[in-house]
1. Note the distances from A:S126 to each other copy's matching label point, with points 7 Å along the Cα-to-beta-carbon direction, in nm, sorted shortest first.
2. Please report the buried accessible area for the interface of B with A, total over both chains, probe 1.4 Å, in Å² to the nearest 100.
3. What distance in nm separates the simple spin-label points at A:Q95 and B:V48, each placed 7 Å from Cα in the Cβ direction?
4. Mind giving me the nanometre distance, one decimal, between the label points for B:A21 and B:D116, set 7 Å out from Cα along Cα→Cβ?
5. May I ask you to report, in nm to one decimal and beginning with the shortest, the distances from A:G155 to the same position in the other copies, taking label points 7 Å along Cα-to-Cβ?
6. To the nearest whole number, what is the average tally of beta carbon atoms from other chains within 10 Å of the beta carbons of peptide B:94-101?
7. Quick one: label points 7 angstrom along Cα→Cβ at A:E29, distances to the other copies in nm, smallest first?
8. Per residue of B:31-43, count partner chain C-beta atoms within 10 Å of its C-beta, then hand back the mean as an integer.
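The values are calculated or read from the model by the stated rules, or taken from the named source; none is laboratory data. Computed from a predicted structure; not experimentally measured. In this analysis, Cβ positions are derived from the backbone assuming ideal geometry, glycine residues included, and neighbour counts consider all displayed protein chains. Areas reflect the complete protein model, heavy atoms only, side chains present, ligands, DNA and RNA absent. Shrake-Rupley method; radii C 1.70, N 1.55, O 1.52, S 1.80 Å.
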2 protein chains.
Amino acid sequence: MPDDPVGLDPRSPEDGPRPGAIERLDESECLRLIGAERVGHLGYTSPVGPTVLPVLYKLHERSIVFYTLQGTFTDEDLRTGIANAEYRVAFEVDQFDPEKLQGWAVVVVGSAHHVDTEAERASIISAGADPWPEAGKEHLIRVQPIRIAGRRRHGP
Amino acid sequence: MPDDPVGLDPRSPEDGPRPGAIERLDESECLRLIGAERVGHLGYTSPVGPTVLPVLYKLHERSIVFYTLQGTFTDEDLRTGIANAEYRVAFEVDQFDPEKLQGWAVVVVGSAHHVDTEAERASIISAGADPWPEAGKEHLIRVQPIRIAGRRRHGP
């Protein structure tokens, strides 16, 4: 991973606090922030190139849980066809105010694990981590973070 | 490109209008929607895997214009090292209300063109398409769409 996967601003955190300063967020703050949101952005390399999709998600035991749609490209794209080999994805959540030029972004990198057993699925649902109960029973994906990085930009 | 790059919902548009119906957006509506926003998500395959970054952008003559930061990974990642060979990226904009379960998303796929000449840069700035005037003179990237696709989900 690049050292700074969140590129909202050119300046390094060593510049110190001032208008427009960038603060590096530690992992617990990143998890707190993404635990309070519901819409994130999934990025991955589909067979025809990079793709970004918005997804409704929940944070569940330090992993990101969201639905994909069995039989559609999202599901097929995210399967390697090799047992236990999982697709690498990026998952991003942010809140950025373009008027005040302030906000934060968190990027999680990890592997897309397909929740294929009923037991694992049930444990997620029963923990209250169903990311979209209204959508019915679709296919669950769980991203276990390999790396979590976040930045906050103080405006203006 | 997959037929449906915006995967907010499993149902096909042929299902017709009803709660939760998905509407395919035509290109002019996609451009109108992204022309009214300022924060989008850039997705691309960095040397170490997929990445998603929030960027401040503007729509300029049917292309997406945003700053990257010269000398940082975003700039280096998006250069192929081959003259006139440009990096393929995805650029996504959405507004989705997780409470009402309604909103829209537009995904643009195109090549990341580096605005390396002062003439091209000046034409973008003078057209009022500076995506972040407050940030000073950083490096401009322009994405000319190869494909534009959008979906609107009607709640609830």
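1. Those label-point separations list as 6.8 nm.
2. Counting both chains, the buried surface is close to 3600 Å².
3. Placing both labels 7 Å along Cα→Cβ, they lie 2.8 nm apart.
4. With each label point 7 Å from Cα toward Cβ, the separation is 5.0 nm.
5. Label-point distances to the other copies, shortest first: 2.3 nm.
6. Mean partner-chain Cβ count within 10 Å for B:94-101: 3.
7. Its label point is 4.1 nm from the equivalent points in the other copies.
8. For this peptide, the per-residue mean of nearby foreign Cβ atoms is 3.
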